[in-house]
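Colleague: Right, I'll just put the structure down here and ask away after.
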């Protein structure tokens, strides 16, 4: 669990609502269903227009990464790769066949299978790098969905504010309706700017960072597999891969 995400959200909300209370405001005044519907509905609609269905669903599945990021264990991976290299030196590449069948990571399993099949190092690199590049591209596009939400939300908030002011102007003769219209106007702006800068944009940046870490991890696996294919010394392989830990 990424505790910093939880702490960050709580600190941001506490600062906003706490500041509002200190200024003598009421929390209820920030709770406007109409404003929320305008901002969230309009923002989501704009993003749906520009996003491919597959990418949109991928972005939804990645949302949990914000709090529960994918578990990467580079130290354990290096240990496994060094063990693979020792087996390959003692038993040959065919000795990795049983390990390939039992490997739980699909990417590492593909690399091991290519080794067992006797593929050339450059062929292995080419195949694995294509997969890494394709996955990185798809996941980055999914992360940009949240970036787009953060870009549209403030603008939709302004639309909500203008709509609220129009409502106010249409009811100048009835003072009882002025308060609600003004509230929607200002709260819609708060929702748009707040959602963008507290949730959507930080979520996009965190997802991009996680994607980068995953790509680095897979690059490390590629280098390990290529080193085994080239028959490098296990100690040298370990030293090389430990560079990725920094």
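Colleague: Consider residue 65 carefully, then state whether it is in contact with a helix residue (DSSP H, G or I) (Cβ under 9 Å, 6 or more places away or on another chain), in contact (Cβ under 8 Å) with a residue 40 or more places away in the chain, under 30 Å from residue 156 (Cα atoms) and part of a helix (DSSP H, G or I). Full working, then the answer.
Modeller: On the way: in contact with a helix residue (DSSP H, G or I) (Cβ under 9 Å, 6 or more places away or on another chain): yes; in contact (Cβ under 8 Å) with a residue 40 or more places away in the chain: yes; under 30 Å from residue 156 (Cα atoms): yes; part of a helix (DSSP H, G or I): yes.
Yes, satisfied.
Colleague: Looking at segment 79-97, can you tell me whether even one residue there is under 20 Å from the mean Cα position of the chain (by Cα) and within 26 Å of residue 136 (Cβ to Cβ)?
Modeller: No, there is no match, as no residue in segment 79-97 is under 20 Å from the mean Cα position of the chain (by Cα) and within 26 Å of residue 136 (Cβ to Cβ).
Colleague: Here is a further query. Hey, can you tell me all the residues within segment 1-51 that are within 24 Å of residue 69 (Cβ to Cβ) and touching a residue at least 40 places away in the same chain (Cβ under 8 Å)?
Modeller: Correct list: 1, 2, 5, 6, 8, 9, 12, 13, 47, 51.
Colleague: Report the residue count in segment 17-51 for those that are loosely packed, with under 14 Cβ neighbours inside 10 Å, in a helix (DSSP H, G or I) and modelled with pLDDT under 90.
Modeller: Counting residues in segment 17-51 that are loosely packed, with under 14 Cβ neighbours inside 10 Å, in a helix (DSSP H, G or I) and modelled with pLDDT under 90 gives 9.
The values are calculated or read from the model by the stated rules, or taken from the named source; none is laboratory data. For clarity, every value in this text was computed on a predicted model and none was experimentally measured. Note: ideal-geometry Cβ built from the backbone for every residue, glycine included; neighbour counts use all protein chains shown.
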